[in-house]
1. Can you find, within the range 90-111, the residue that is nearest to the chain's Cα centre (by Cα) among those that are within 12 Å of the ligand (Cβ to nearest atom), surrounded by fewer than 21 Cβ atoms within 10 Å (Cβ to Cβ) and touching a residue at least 24 places away in the same chain (Cβ under 8 Å)?
2. Show me the helices (runs of 4 or more DSSP H) found entirely inside the range 144-243 where at least 3 residues are touching a residue at least 60 places away in the same chain (Cβ under 8 Å) and more than 23 Å from residue 303 (Cβ to Cβ).
3. Do we have any residue at all in the range 404-422 that's touching a helix residue (DSSP H, G or I) at 6+ places or on another chain (Cβ under 8 Å), within 19 Å of residue 57 (Cα to Cα) and modelled with pLDDT of 90 or more?
4. Got a number for residues in the range 60-106 being out of contact with any strand residue (DSSP E or B) (no Cβ under 7 Å at 6 or more places or on another chain) and part of a helix (DSSP H, G or I)?
5. Would you check if there is a residue in the range 60-73 being within 14 Å of the ligand (Cβ to nearest atom) and surrounded by fewer than 17 Cβ atoms within 10 Å (Cβ to Cβ)?
6. How many residues are more than 11 Å from residue 80 (Cα to Cα) and surrounded by fewer than 16 Cβ atoms within 10 Å (Cβ to Cβ) when one looks only at the range 33-59?
7. Looking at this structure, is residue 118 within 12 Å of the ligand (Cβ to nearest atom), under 25 Å from the mean Cα position of the chain (by Cα), farther than 18 Å from residue 196 by Cα and in a helix (DSSP H, G or I)?
8. Hey, residue 310 hits all of (1) within 16 Å of the ligand (Cβ to nearest atom); (2) crowded, with 17+ Cβ neighbours inside 10 Å; (3) touching a residue at least 40 places away in the same chain (Cβ under 8 Å) but one; which does it fall short on?
Ligand SMILES: NC(=O)c1ccc[n+]([C@@H]2O[C@H](COP(=O)([O-])OP(=O)(O)OC[C@H]3O[C@@H](n4cnc5c(N)ncnc54)[C@H](O)[C@@H]3O)[C@@H](O)[C@H]2O)c1
């Protein structure tokens, strides 16, 4: 009888933080038969989750996340809550932590993670398994998470409970697919912690779990992965800026470069780099790099270049307007999300671009029907349709695709039929066909 009870108890899990990572992750656990507690601190948001409401563009095997969420809540074994005693009040605790370290005013802000660790530490039971899944400053599982949990709980991380780090590699919009389908690295403070964490990930349905030798190796690899993308995008942006200034079709040049079998992997350029991952990555490496005397000149330059890119794009718009005697011209900014078809506008370069256009004294109208603009202030007027935004616009900037802009084929020019002529299309997403646009008397720059 005892082993059976233990198996039942082992099917419980708590996900701390129900954001872009934690919500899909908790629903994956639920779909695998776990009783899941999702602990968050946002009252209104958690209440909405209990009623099946969330603004995320995710789907699980074709089913929209809101529908999965409703089914999960109705099943009686999925509990979004702000009550830590409910979420953590069971034996054989299995906890996955997804509360992150955001960047606030260019500095890493650890207060959310500290609060989450205190909440957990005060309720941690002997035998618990804790997996940190948030991206952290390199070394933090051992140097920050472990001591804080030990101090609050009075337990020892290598004896009384198990602590591991597992990097989260999913991308928004394909979260469900990637939570299961991506190779998932994991390493605990002890071999037992590694094994237990890997077992939980496999039970969650992860197809390939990579057991590494230390949390530091996994933390470093995660940060390197994000930095690699940040640096690659900085390079792509610099190439695009060159092509634009030299009068070349960036899209064509990129498509030629990509046929070289050893240089093929070149990211898409754009209005900058946003979201909750790539812009932070360097700041998760720097404190540890400083402590071992390693400078980051290449990475720092790339980061700054990506930060400057929205201002560069705004300058191109202003230059064109000035050169065409349209100092009071209208600019339409299409897409405010941090990437195509996303609801996430956190640290979005399009938001920086909008502010930069306003700073230059330009008249700007925005369109993005799905981006969650929440508490983002200082934005231009947003209108409900792309046609309304582009009507009478002298410059149209495509910063992020949203429906009805198609993903693969070039968008139809009917969407821009109300644009002024001459006009300029600054296409940061390669969303339109250059020849087609220019045939219609509109200047075209792809970035
Ligand atoms: N979003 C992505 O695409 C992505 C991809 C890979 C890795 N990551 C990493 O995963 C982590 C989470 O990212 P995210 O995008 O889900 O962030 P998020 O901001 O969307 O979610 C974090 C959640 O934690 C909640 N929270 C804050 N303090 C809390 C506390 N004390 N207790 C419980 N909940 C608390 C917040 O209310 C929020 O809902 C970060 O470290 C991020 O870098 C994110």
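1. Filtering first and then ranking leaves 102.
2. 175-181, 191-203
3. The answer is yes; a qualifying residue exists.
4. 9
5. Scanning the range 60-73 turns up no residue that is within 14 Å of the ligand (Cβ to nearest atom) and surrounded by fewer than 17 Cβ atoms within 10 Å (Cβ to Cβ).
6. 4
7. In short, no.
8. Evaluating residue 310 over (1) within 16 Å of the ligand (Cβ to nearest atom); (2) crowded, with 17+ Cβ neighbours inside 10 Å; (3) touching a residue at least 40 places away in the same chain (Cβ under 8 Å) leaves (1) as the failure.
The values are calculated or read from the model by the stated rules, or taken from the named source; none is laboratory data. These figures come from a predicted structure and were not determined experimentally. Reconstructed Cβ throughout: ideal geometry from the backbone, glycine too, with neighbour counts over all protein chains shown.
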